[in-house]
Amino acid sequence: MDIKRSDDGSLHFKLGPVERIGLGASFALLTFLIGYVFHSFDSRLEAQDKTMQTVVTAQAVTNAQLQTLSQQLSDVPGLTRKMAELDVRTERNTQDIHELQSVRHLK
């Protein structure tokens, strides 16, 4: 490397062949490292996007299942009422059967 002061007071320098190769190699290494960092960052963003899509899909499935369960559970009072009606009918039928059996025994 050669540095010369010109008449107007500014400095001028020249690089030799070894310095030029070293500077070129340093620039190439810096460019490679910056590209690697951006590529790594982009890969991580893509992986995160895939994970988020999986989470969104799982959440949609869960929401659908919750909605189905809510619909099924909303009819529980109606089912309880129907069960009570069926119990009353069964009890009446049992009594009727006993009455019929007792009438048969009388004949």
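The values are calculated or read from the model by the stated rules, or taken from the named source; none is laboratory data. Every value quoted in this text rests on a predicted model; they were computed, and no experiment measured them. Quick note on the areas: whole protein, heavy atoms, side chains included, nothing else; ligands and nucleic acids left out. Shrake-Rupley method; radii C 1.70, N 1.55, O 1.52, S 1.80 Å.
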* **Flag if E99 is open to solvent by less than 80 Å² (accessible area, probe 1.4 Å) and over 46 Å from the mean Cα position of the chain (by Cα)** => no
* Hey, L23 hits all of (1) farther than 24 Å from D2 by Cα; (2) open to solvent by 100 Å² or more (accessible area, probe 1.4 Å) but one; which does it fall short on? -> (1)
